[in-house]
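Throughout, read-outs are computed from the coordinates displayed, never taken from laboratory work. Nothing here was measured: the structure is a model prediction, and the numbers come from that model.
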Amino acid sequence: MIVAGVMSGTSADGINVALVQVGEARDAGSGSRERSTLTTGSRGRGRPRHTIKLLGHAEYSYPGKVRAAVLSAMNATQASVADLARLNFLLGELYADAVLATERQFRVKADLVGCHGQTLYHQGEAQAFLGRKVAATWHPCPRRNHRGFPRLPGRGHFSS
């Protein structure tokens, strides 16, 4: 299975896409030369082993106005819900474009796309809010199927 991982960090400088091949490990005697092996489960006891191979990665800078909007939303003391919703869907379109460009560059098609979204707010320490102590992180994530990417059955999510 080919998986595309999409990342955009708090620097808001752009989008990173990694394409990886995930498969079952071959028996040690089969001549497999995979460099990276991930063992699923607790130390792999009685569990299948899987290989993970990096096929390629690419980085795409945000357009200047998009980066400015993301940084503005991160640092705002107040924000419009409508503007945040629009930014959410715009970022989803940019993530989809980045995945498609990376697939073209490396001549592969992803079977699965994972994207946590752009961090807009991170509060590491719990704070009082409406009578409770809560910690908060907000990553707006695209909530619809973009450009034909596979989706989870019964859901319209671009990402998990």
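The table below lists the values:
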| read-out | value |
| --- | --- |
| Residue-wise HN-Hα coupling along the stretch 107-116, computed from phi with Karplus coefficients 6.51, -1.76, 1.60 (Hz; x: Gly, Pro) | 6, 9, 10, 6, 8, 8, 10, x, 8, 8 |
| Partners for residue 53 among lysines (Cα-Cα distance below 24 Å; same-chain residues under 8 apart left out) | 109 |
